[in-house]
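Take a look at the structure below.
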Amino acid sequence: MQNKKIILGVSGGIASYKACDLASLLVKDNYKVQTILTDSAQKFISALTFKTITYNDCYTNQFDYDIVEPLHIEMCREADLLVLAPATANLIAKMANGIADDLLTTLICAYSSKKPILLAPAMNTAMWENPIVQANLKTITENLNCTIINPIEGQLACRTEGIGKLAEVENIYKQAVSLLSKNSSNLQLPILPEGEWSGLKVLITAGGTKEPIDPVRFLGNRSSGKMGLALADEAYKKGADIILITTQKALKRNYKIIEVETAHELQKAVESYFDTCQILIMSAAVSDFRPLQVFASKVKKSRSESDWYLPLTKNPDILETLGRLKKENQILIGFAAESDNLIQNARKKLENKKLDLIVANQVDNTEIGFGSDYNEVYLLTQKDNSEEIILPKNTKTQIAFQILEFVQDKFLKC
Ligand SMILES: Cc1cc2nc3c(=O)[nH]c(=O)nc-3n(C[C@H](O)[C@H](O)[C@H](O)COP(=O)(O)O)c2cc1C
């Protein structure tokens, strides 16, 4: 029997009706759900619907209560999780600016910055892409313990295609359950370097290596390092002790960063810290080849065409070496960036390199993966050799969070 209490705040958008399915899933799981509707939400859906689905009061007015304490204070104290779905651009703006002019926004203002909030925005693409909306979201994540489940791409009510559709209700539900399972009232603020991964040493590699041809040119790849950085940031929020080995320059973080450029430099750095880490996440795209010869000075255009060929040699296979060196208590996670036969190739790599987990992503889709702020990945493990798990398209921050949650459930629980 669950005894956790969830406040479900519904604001006024075309997706308001989907909050009914969300409430229904949570109630079926025996969570106690109290709903608050904004005035605009009531134009789309009625309080009676939620009252019936949740077997509980649905509130719409901050001055209408028959308890001693103000309603928003009493609700805040009791709640384990606040879910805002759908969240309008207006609600997000009020939240970011501390505006409290109705029951829902007053409650958000009074809600502890340590308790978890799950925010699921939904709006027209232009609204979503509006820099002010994005800046408001940033303010919220920087100041509150708020997980944002980003809208997805699809057909919008305004007859356009684009990002803005409410995330799948099933995914919002899963994220809510996951946040609740972590004893929410003791959750840390995301910026605090203490949490459930306290004491764990996590080594992460990120970016794409560059193999010099001459002092000016190099052989490289399109990896931006954003996925690895998101993993490092999210693991840091969980309290882990992070070392990030990256090809990105001048990053400012509160954890240790080692800048590298070539596969050899990356290998050297990984090998010097591998022994002391419990988890290694190799998300860097390490070049398989490098020029056999590096020219000491810039190769001139005038060089004769027949001289212009570039013999390559193989780089060391870092993952393969680490797979062999890995100790019982270490978790080795690799990435597979593939353009063809994604799952088969990833499974082969998982097995050949003795990885515990492989994160596979398709690299020929320009909307996700290399360079993008978004990703969509499959997770494959050796453990039960079961079906791959898909983490549908989402920001790299959210994908990183979900990967770490998966690692936690699969490998870190006794
Ligand atoms: C038909 C219709 C659909 C709307 N859909 C959305 C939406 O999906 N997302 C959004 O941010 N605003 C949407 N709006 C605008 C909001 O309803 C409006 O900004 C309102 O002030 C939000 O109030 P609330 O945040 O207090 O619920 C819609 C408006 C109308 C008339």
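The values are calculated or read from the model by the stated rules, or taken from the named source; none is laboratory data. All values reported here derive from a predicted model rather than from experimental measurement. Neighbour counts run over all protein chains shown; Cβ positions are idealised from the backbone, glycine included. Side chains included, ligands, DNA and RNA excluded: accessible areas come from the protein's heavy atoms. Shrake-Rupley method; radii C 1.70, N 1.55, O 1.52, S 1.80 Å.
Summary table below
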quantity: GNM top mover of PRO392, PRO311, PRO121 - the chain, alpha-carbon springs below 10 Å; calculated: PRO311
quantity: 5 angstrom amide H check on ALA87, placed H, neighbours 5+ away; calculated: ALA120, ALA122
quantity: GNM flexibility winner over the chain from ILE53, ILE243, ILE148 (Cα, springs under 10 Å); calculated: ILE53
quantity: Antiparallel content of DSSP bridges confined to the range 5-186, in %, to 5; calculated: 15
quantity: Surface share of carbon and sulfur [accessible, 1.4 angstrom probe, percent] for the range 5-186; calculated: 51
quantity: Accessible solvent surface per residue of the chain, calculated while the other protein chains remain in place, 1.4 angstrom probe, Å²; calculated: 49
quantity: Helix-only mean residue ellipticity at 222 nm for the chain, each DSSP H run of n ≥ 4 adding -39500 (n - 2.57), per residue, nearest 500; calculated: -9000 deg cm²/dmol
quantity: Using θ = phi - 60° and Karplus 6.51 cos²θ - 1.76 cosθ + 1.60, couplings along the range 251-264 (whole Hz; Gly, Pro as x); calculated: 6, 10, 9, 8, 10, 6, 10, 10, 8, 9, 10, 9, 4, 5
quantity: Those chymotrypsin sites (Phe, Trp or Tyr not before Pro) in the range 56-98 that DSSP places in a loop and that have at most 16 other beta carbons within 10 Å; calculated: PHE63, TYR65
quantity: Spatial separation of Cα centroids for the range 212-252 and the range 140-158, in angstrom; calculated: 25
quantity: Equivalent ellipsoid semi-axes - Cα gyration tensor, the range 5-186, angstrom; calculated: 23, 18, 17
quantity: Ranked by how many other beta carbons lie within 10 Å on average, peptides 344-356, 288-300 from highest; calculated: 344-356, 288-300
quantity: Antiparallel DSSP beta bridges within the chain, percent to nearest 5; calculated: 30
quantity: Value of relative contact order over the chain, rounded to a whole percent, pairs C-alpha under 8 Å and six or more apart; calculated: 10
quantity: Interchain or long-range residues, amide H under 5 Å from LYS256's placed H; calculated: ILE242, LEU244
quantity: Whole-Hz ³J(HN,Hα) from phi, Karplus 6.51 cos²θ - 1.76 cosθ + 1.60, for the range 220-225, glycine and proline x; calculated: x, 9, 8, 5, 8, x
quantity: Virtual paramagnetic centre 7 Å along Cα→Cβ of VAL216, amide N under 14 Å, in the range 302-322; calculated: 302-303
quantity: Linear extension gain, ASP29 paired with SER297, 0.36 nm per residue minus alpha-carbon span; calculated: 89.8 nm
quantity: Under 17 Å from the LEU325 label point (7 Å along Cα→beta-carbon), backbone N, the range 270-293; calculated: 270-284, 286
quantity: Residues whose placed amide H lies under 5 Å from that of ILE331, excluding near-sequence neighbours; calculated: ILE279, LEU280
quantity: Average Cα contact separation per residue, the range 1-71, under 8 Å, 6 or more apart, as relative contact order %; calculated: 32
quantity: Among ALA126, ALA19, ALA263: highest mean-square fluctuation, GNM of the chain, C-alpha pairs under 10 Å; calculated: ALA126
quantity: Extension gain, SER113 back to SER272 (0.36 nm per residue minus Cα-Cα distance, nm); calculated: 53.3 nm
quantity: Degrees separating the helix 131-143 axis from the principal Cα axis of the chain, which is the longest one; calculated: 90
quantity: Per-residue ³J(HN,Hα) for the range 346-362, Karplus 6.51 cos²θ - 1.76 cosθ + 1.60, θ = phi - 60°, Hz, x for Gly and Pro; calculated: 5, 5, 4, 5, 4, 6, 4, 9, 6, 7, 8, 8, 10, 9, 10, 9, 6
quantity: Share of carbon and sulfur in the accessible heavy-atom surface of the range 254-380 [1.4 Å probe, %]; calculated: 45
quantity: Sequence-distant aspartates and glutamates (8 or more away, or on other chains) whose Cα lies within less than 12 Å of LYS410; calculated: ASP356, ASP384
